[in-house]
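Supplied in structure tokens, the structure appears directly below.
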Amino acid sequence: MGHKTLCFGLFCILFAYHIYIPMPENIEERWKVQFLDAGMKMLSFMGKIFENTDLMKYEEFLSLFVRIQLTKPVSDENITVIDTDFSDIPVRLYLPKRKSERQRPAVIYIHGGAFTLGSCKMLPYDYLNRWTANKLDAVVVGIDYRLAPQYPFPTALEDCVLVIKYFLQDTILKKYGVDPTRICISGDSSGGTLATAAIQLLQNNSEHKIKAQALLYPGLQFIDSLMPSHRDYEHGPFLSREIAMKLACLYVTEDTALAQAIQRNEHMPKGSRHLFKFVNWSDFLPEKYKKNYVYTEPTLGKLNVFYPALVDSRLSPLLVNDSQLQSLPLTYILTCEHDILRDDGLIYKTRLRNVGVQVTHDHLEEGIHGAISLITEPYNLHLGLTIRDKYISWLEKNL
């Protein structure tokens, strides 16, 4: 019995050592973030055990903890909440009850989750979209797009584009009392990827121009997996490089060879070097974020399989050229310092400003990835409220 107790104790110590990382001094509610970070790593560790023993796939295990956060469409005294379909894609609508003398603005929100997890019906997104509708007196649409790996690239994007096109029809805008000149597309993390790509696809092909895009710590490229932020925050907090790449690669393929190659930055196919100029962080990042890192190109031609998605701007919106960027709408980008995706947002901000797009950028020095999804019970992360307030404030001023 004593040996079993000793072995269990040693296992707990080794496990705690494995998942522990020191928290930066400037992070707000450090012990809460430390706890959340340990919880995320523990879930990932358990997910890998389940997958390696053929009990359950990694992403299926993580999705169990997403499902317990799903909510029903409950209306309140200010907002009518409805679950319906737009072009056969599930959406959740938030419709203000109070009468308005003029047409309302609208926000279409695309949730994050590395293309494999999440739902607009999760408690944090339901809370954020309800709050947005109430504060802005706006119609809000949450999109429940289909998830990888069951529905690989570009299914999620196609779902979002279908919903946006459906909503932009004159008859639908009139039905919900929406002003066609005051529409914003928003998203966080991989939802920011989808929002960015959707706007790039639609901006020049839509009868109604989208007025604004709001991107919260977006991921915007699959080209270079060794940017300074990937190196600085390889182990988190909260979102590690390994977890992010393991999940996001499922949007492209279930072949684990891609996830392994992208960890080494050896995933890009031969003939793709001409794309590196669009994501070369040494050209676009402020000096502050370059530190002492030396830029090296991703290694070409190491994978035996060619994945067309890796050279597709619908997966990596940073790949569009400057002439395409010029027509993009008013933009809000929020980046977090302690986030592997930090540099994606910083590069996009620089490139948009270089071609004359009006960009408002908030950078949270104390920020971590995923804070919006930690805004409600049981986490109540104050940083999530800070991001919410900055996002809402920008929408109030610009819609």
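Helix 30-52: angle to the longest alpha-carbon principal axis of the chain, degrees 0 to 90, nearest 10?
Approximately 70 degrees, to the nearest 10.
Of all accessible surface on the stretch 285-399 at a 1.4 Å probe, what whole percent is carbon and sulfur?
That fraction is 46 percent.
Select from Lys174, Lys211, Lys99 the residue whose mean-square fluctuation is largest in a Gaussian network model of the chain (Cα-Cα springs shorter than 10 Å).
Checking each option, the largest mean-square fluctuation is seen for Lys99.
I would also like to ask the following. Along the charge dipole of the chain, which of Asn78, Asn304, Gly345 sits closest to the positive end, that is, farthest toward it, with unit charges on the beta carbon of Lys, Arg, Asp and Glu (+1, +1, -1, -1)?
After comparing all options, I get Asn78.
For the chain, what proportion of DSSP beta bridges, expressed in % and rounded to the nearest 5, is antiparallel?
Beta bridges within the chain, antiparallel portion: roughly 30 percent.
Picking from Asp343, Asp255, Asp179, which is most flexible by a Gaussian network model of the chain using Cα springs under 10 Å?
With Cα springs under 10 Å in the chain, the top fluctuation among Asp343, Asp255, Asp179 is at Asp255.
Compute the helix-to-body angle for 190-202: its Cα long axis versus the longest principal axis of the chain, expressed 0 to 90° and rounded to tens.
It is inclined by approximately 40 degrees.
Related question: Do you know the relative contact order of the chain, to the nearest whole percent, from alpha carbon pairs under 8 angstrom that are 6+ apart?
Contact order relative to length: 16 percent.
To continue, here is another question. Which aspartates and glutamates have a Cα less than 15 Å from the Cα of Lys302, not counting those fewer than 8 places away in the same chain?
The qualifying aspartates and glutamates are Asp224, Asp255, Glu266.
Return the subset of Lys57/Lys246; Lys41/Lys390; Lys135/Lys349; Lys48/Lys270 for which the Cα-Cα distance in this structure is over 22 Å, preserving the input order.
The pairs that break the limit, which is 22 Å between Cα atoms, are Lys41/Lys390; Lys135/Lys349; Lys48/Lys270.
Summing +1 for each Lys or Arg and -1 for each Asp or Glu, what net charge is found among the other residues whose Cβ lies under 11 Å from the Cβ of Asp88?
Net local charge, Asp88 excluded: -1.
Among 284-297, 344-357, 54-67, 314-327, what's the highest-first ranking by average C-beta atoms within 10 angstrom per residue?
Result, highest mean Cβ count within 10 Å first: 344-357, 314-327, 54-67, 284-297.
While we're here: Using the alpha-carbon atoms, what tilt in degrees (0 to 90, nearest 10) does helix 382-398 show relative to the longest principal axis of the chain?
Once rounded, one gets 30 degrees.
Sticking with this one: Provide the packing ranking of 187-194, 236-243, i.e. peptides ordered by the mean count of other C-beta atoms within 10 Å per residue, highest first.
187-194, 236-243
Could you please report the charge total around Pro298, scoring K, R as +1 and D, E as -1 over all other residues with beta-carbon less than 11 angstrom from its beta-carbon?
Spelling it out: positives minus negatives among the neighbours equals 0.
Counting heavy atoms of the protein chains only and a 1.4 Å probe, report the per residue accessible area for the stretch 244-399 as a whole number of Å².
In whole numbers, the stretch 244-399 has 41 Å² accessible per residue.
The values are calculated or read from the model by the stated rules, or taken from the named source; none is laboratory data. Because the structure is predicted, anything quoted here is derived from the model rather than measured. Positions of Cβ are generated from backbone atoms using ideal geometry, with glycine treated the same way; all protein chains shown enter the neighbour counts. Accessible surface areas use protein heavy atoms only, side chains included; no ligands, DNA or RNA. Shrake-Rupley method; radii C 1.70, N 1.55, O 1.52, S 1.80 Å.
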